[in-house]
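Engineer: Below are the structure tokens for one structure; questions will follow.
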Amino acid sequence: MMLQVCDVGICYATWVLRHLDFSLQAGQVLAVLGPNGRGKSSLLRVMAGLARPQEGRVQCDASVAYVPQFIHPGFEMTALDLVLTGRARHIGWKGAPSAHDRAVAHDCLRRLDADRFAERDIHHLSGGERQLVLMARALASGCQVMLLDEPASALDFHNQAVILEVMRDLAHREGMTVVFTTHVPQHALEIADQSLLLLDAQAFLFGATLDTVTTEALSRLYRLPIQRMALEVDGRAVQTAIPLYHAIGRAMVSLPTPSLP
Ligand SMILES: Nc1ncnc2c1ncn2[C@@H]1O[C@H](COP(=O)(O)OP(=O)(O)OP(=O)(O)O)[C@@H](O)[C@H]1O
């Protein structure tokens, strides 16, 4: 087992999550969905070892890279230098990046179509450009597990497709375990083998994406009717999910509550 979350509980003033259990194999993609403030980022930070859970533990026998939503280094730094910080494990504390490290960093930027930002100060990049550079930094680390916090939240449709394809390739071709949080169910339906829906502090749905990211579960999760459907595109069935925004009033009073396992 590559990554195991065992009876994890996270508490600030109150319990955000409690009694959460799941495990992932190498080469799998997991999507984590939940409304604002439900604990997705907190869970990712605990999985990355950046925060301790108040209960339970996370077991991981692999190198982990964490991709936050934002960073603010507070001093001038080029995108290339930021990506090179991802090479720290290979360079060591006292070493300087080698030509090989720089080549790896450029390759990672190129893979995300972001090499043109290499010499720009990251403070001068747009939110979406910065997200691509942060993912390139994680790629440069050569990690076996990548944890990404809303990696597509600032990206246009083209760049969403770029990072979805990179995440899918990392897992399915290169054997990495990839976990990402998202507010876009279609991203889960596109690439995630497994999905975790954080319904409330102690109610979770975890399983194969097509079994968990359903019309009923999404509608309950977001308190809004959301219709999952299959479109046929180029002879291939593409799963998508459409939020019925106009029905929010109806959702509040009449949504059925699906029974949970
Ligand atoms: N360091 C902290 N101290 C106190 N409360 C916190 C802390 N970090 C997060 N919280 C609270 O814990 C809850 C979960 O926050 P978290 O950021 O994990 O949610 P999220 O699901 O990632 O939300 P979003 O979708 O809005 O990014 C929120 O109510 C938040 O206010």
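Engineer: Among the DSSP beta bridges whose two residues both lie in the chain, what percent are antiparallel, rounded to the nearest 5? Kindly include the intermediate steps, with their values, before the conclusion.
Structural biologist: On the way: 26 of 43 bridges.
So the antiparallel bridges in the chain amount to around 60 percent.
Engineer: Residue-wise, which Karplus ³J(HN,Hα) couplings in Hz belong to the stretch 67-80, taking 6.51 cos²θ - 1.76 cosθ + 1.60, θ = phi - 60°, and x for glycine or proline?
Structural biologist: Running phi through 6.51 cos²θ - 1.76 cosθ + 1.60 with θ = phi - 60° gives 10, x, 6, 9, 9, 9, x, x, 9, 5, 7, 7, 4, 4 Hz.
Engineer: Give a residue-ordered list of calculated ³J(HN,Hα) values for the stretch 124-132 (Karplus: 6.51 cos²θ - 1.76 cosθ + 1.60, θ = phi - 60°; whole Hz; x for Gly, Pro).
Structural biologist: So the Karplus estimates, Gly and Pro as x, are 9, 8, 6, x, x, 4, 5, 4, 5 Hz.
Engineer: Report, to the nearest 10°, how far helix 99-111 tilts away from the longest principal axis of the Cα atoms in the chain, using its own Cα long axis and a range of 0 to 90°.
Structural biologist: Between the helix axis and the principal axis of the chain, the angle is about 30 degrees.
Engineer: While we're here: Limiting things to C-alpha atoms, what are the Rg and the maximum Cα-Cα separation (Dmax) for the stretch 1-141, in angstroms?
Structural biologist: That works out to 17.1, 49 Å for Rg and Dmax.
Engineer: Rounded to the nearest 0.05, what FRET efficiency is calculated for PHE75 and HIS172 with R0 set to 35 Å and r the Cβ-Cβ distance? Don't jump to the answer; show the numbers that get you there.
Structural biologist: Details: r = 38 Å, r/R0 = 1.09.
After rounding to 0.05, the efficiency reads 0.40.
Engineer: Using alpha carbon centroids, what distance separates the stretch 1-57 and the stretch 80-139, in Å?
Structural biologist: A separation of 28 Å, based on Cα centres.
Engineer: Whole percent per 10 Å bin, from 0 to the bin with the longest distance: what is P(r) over all C-alpha pairs of the stretch 75-117?
Structural biologist: Using 10 Å bins, I get a P(r) of 29, 55, 16, 0 for the stretch 75-117.
Engineer: Now a separate question. Taking 1 over the mean of 1/r across every pair of different Cα atoms in the chain, what Kirkwood radius in Å do you get?
Structural biologist: On the way: mean 1/r = 0.0516 Å⁻¹.
That comes to 19.4 Å for the chain.
Engineer: Relative contact order for the chain: what is it in percent, counting Cα pairs under 8 Å that are at least 6 residues apart?
Structural biologist: 22 percent
Engineer: Further question: Just rank LYS40, LYS94, fewest to most, by other beta-carbon atoms within 10 angstrom. Don't jump to the answer; show the numbers that get you there.
Structural biologist: Working: LYS40 23, LYS94 5.
Fewest-to-most Cβ neighbours within 10 Å comes out as LYS94, LYS40.
Engineer: Taking the Cβ of each residue in GLU216, GLU150, GLU119 as the centre, tally the other Cβ atoms inside 10 Å and list the residues starting with the fewest. Numbers along the way, then the final one.
Structural biologist: Working: GLU216 14, GLU150 22, GLU119 10.
Ascending Cβ contact count within 10 Å gives the list GLU119, GLU216, GLU150.
Engineer: Please state, as a whole number in µm²/s, the translational diffusion coefficient that the Stokes-Einstein equation yields for the stretch 1-78 at 25 °C and 0.890 mPa s, with Rh defined as the Kirkwood radius across alpha carbon pairs.
Structural biologist: Values: Rh = 13.9 Å.
The Stokes-Einstein estimate is 177 µm²/s.
Engineer: Which ³J(HN,Hα) values in Hz, rounded to whole numbers, follow from the phi angles of the stretch 189-195 under the Karplus curve 6.51 cos²θ - 1.76 cosθ + 1.60, where θ = phi - 60° and Gly and Pro get x?
Structural biologist: 5, 6, 10, 8, 6, 10, 9
Engineer: Counting other beta carbons within 10 Å of each residue's own, what order do ASP115, ASP61, ASP234, ASP200 fall into, fewest first? Before the final figure, lay out each step's value.
Structural biologist: Values: ASP115 19, ASP61 10, ASP234 5, ASP200 14.
Lowest to highest Cβ neighbour count: ASP234, ASP61, ASP200, ASP115.
Here, each number is a calculation from the coordinates, and none is a lab measurement. All of these numbers come straight from a predicted model, not from anything done at the bench. Please note: Cβ atoms are built from the backbone with ideal geometry, for glycine as well, and neighbour counts cover all protein chains shown.
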